[in-house]
1. Which GluC sites (Glu not before Pro) in the stretch 289-369 sit in a loop by DSSP (not H, G, I, E or B) and have at most 15 other Cβ atoms within 10 Å of their own Cβ?
2. In which sequence would LEU131, LEU43 go, from the one with the fewest C-beta neighbours within 10 Å to the one with the most?
3. Rounded to whole Å and sorted largest first, list the principal axis extents of the Cα atoms in the chain.
4. As an exercise, identify the trypsin sites (Lys or Arg not before Pro) in the stretch 86-133 lying in DSSP coil whose Cβ has no more than 16 other Cβ atoms within 10 Å.
5. Test of the criteria: in the stretch 175-277, which GluC sites (Glu not before Pro) are in a DSSP loop and have at most 14 other Cβ atoms within 10 angstrom of their Cβ?
6. Can you list, largest first and rounded to whole Å, the semi-axes you get for the stretch 254-298 by taking the square root of 5 times each eigenvalue of its Cα gyration tensor?
7. Please work out the Cα center distance from the stretch 278-296 to the stretch 131-175, rounded to the nearest Å.
8. From the helices alone, meaning DSSP H stretches of at least four residues, give me the mean residue ellipticity at 222 nm for the chain, per-run term -39500 (n - 2.57), in deg cm²/dmol to the nearest 500.
Amino acid sequence: MMKKFFTGICAIALLGSCIKSEPLNQECDIVSAYLEGEQYAALFYQPSQMRQDNIPSAGKDIVFSVKSMSLLPDRLPVFFTVTEGATINPPSGSEQNFKGGPVIYVVKSEDGAWERQYTVGFKESSLPTTLFGFEHVETVEGMNNNQYHAFYELDESGKRDDIWASGNPGAILIKTNSKATEQPTYSMENGYMGKGVCLNTQDAGALGHAFKKPIAAGNLFIGKFLMEKILVNPLKATQFGTPIAQVPTRVTGYYKYRPGDTYTNANMEPVPGRVDEASIYAVFYRNKDEKGQDVFLYGDDVLSSPYVVRKAQMAKVPPTNDWTPFEMFFEGGDADPEVLAKQGYNMTVVFSSSKDGATFEGAIGSTLCIDEVKVYFENMKKQ
């Protein structure tokens with residue numbers, strides 16, 4: 001009995017020794033940012049706008065959307081969750097003046113060797129623009145010595161708004177030493193006007209095949225990409241929509257499309273006679289359920305959810321080598337004016353190089369190029 005006890009003590013001692021010898025954490029990321037307290041809820045249309053979770057590890061700017069900048073108090077406490085062992089300065093929850101512009105926060109890793117700067121600010125809640133020309137793009141340094149492009153817009157005051165998301169952060173998991181233009185979604189110099197965006201369906205490599213996810217379709221959408229979902233539930237990795245207080249009526253833009261040579265199913269088996277198709281659509285939906293809980297749409301229900309009020313969809317995206325105009329109209333029910341005034345609706349616009357890419361079916365090499373996308377709203381003058 002004493003021998004077993006002594007052996008157990010030794011094992012615990014060895015385990016403790018192993019724990020002590022582990023290197024300190026080198027990560028220095030903000031994971032979430034939030035405000036708390038009833039006194040600040042009145043600044044926002046929705047309580048959910050008081051929090052930002054799942055902040056991308058490559059993100060540098062954190063922006064909260066409020067009803068009006070004039071309502072912002074002189075001093076405001078923002079709280080943060082950072083990676084394990086990291087420290088943040090100014091401290092989480094300290095009162096800062098955001099009226100004069102964004103505040104810079106510095107996160108330092110547990111081992112003290114690494115640090116990152118974030119800008120945290122506030123803006124009035126609205127779509128940054130109704131015309132998306134994809135001129136604003138950042139080259140992000142990702143893991144495994146990979147790069148990828150992140151698209152963003154500028155609001156009326158010139159502040160950055162990361163309204164667009166793509167599956168690029170997930171796509172680089174299966175690559176090493178790759179350039180931004182080698183990812184499924186990337187910026188192209190020769191768009192219809194200035195720059196454009198190119199979406200390309202690619203082989204997902206050995207890791208993708210092992211997880212029965214053999215292709216990676218290029219995609220771009222208004223919303224967020226949830227990295228933590230990509231391997232466990234990839235259809236939940238694409239979270240669609242941003243709050244708006246206007247009713248969308250139609251979407252226009254320009255595209256080029258070329259389907260890949262061989263259409264394959266989720267088992268990477270060729271499907272004779274099947275030709276890949278691109279996907280272009282937009283959705284307007286309620287962002288609260290009957291109990292007042294937040295509603296988000298994902299890859300598995302964005303077109304079928306009962307909370308969808310209106311949607312616009314291209315029935316066909318004919319192949320073309322030239323820049324070709326497209327136009328689609330929102331169809332569906334009416335919006336509740338009171339709910340609309342409180343930004344109780346979300347809207348997304350979605351593009352994909354393979355229509356069934358979310359279920360890992362399509363043709364490697366399918367390429368969709370998009371540029372000069374414009375969203376029209378009710379009471380907006382037609383141009």
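What follows is calculated from the coordinates using simple rules that are stated; it is not laboratory data. Nothing here was measured: the structure is a model prediction, and the numbers come from that model. All Cβ positions, glycine included, derive from the backbone under ideal geometry; neighbour counts span all protein chains shown.
1. Loop-located and lightly packed - GLU290.
2. Working: LEU131 12, LEU43 21.
Ranking LEU131, LEU43 by Cβ neighbours within 10 Å, fewest first, gives LEU131, LEU43.
3. 78, 57, 42 Å, listed from the longest principal axis down.
4. LYS99
5. On the way: sites: GLU182, GLU189, GLU228, GLU277; in loops: GLU189, GLU277.
Filter output for the stretch 175-277: GLU189.
6. Details: eigenvalues 257, 55, 8 Å².
For the stretch 254-298, the ellipsoid semi-axes come out as 36, 17, 7 Å.
7. The distance from the Cα centre of the stretch 278-296 to that of the stretch 131-175 comes to 23 Å.
8. Values: 5 runs with 39 residues, N = 383.
When only DSSP H runs of four or more count, the value is -2500 deg cm²/dmol.
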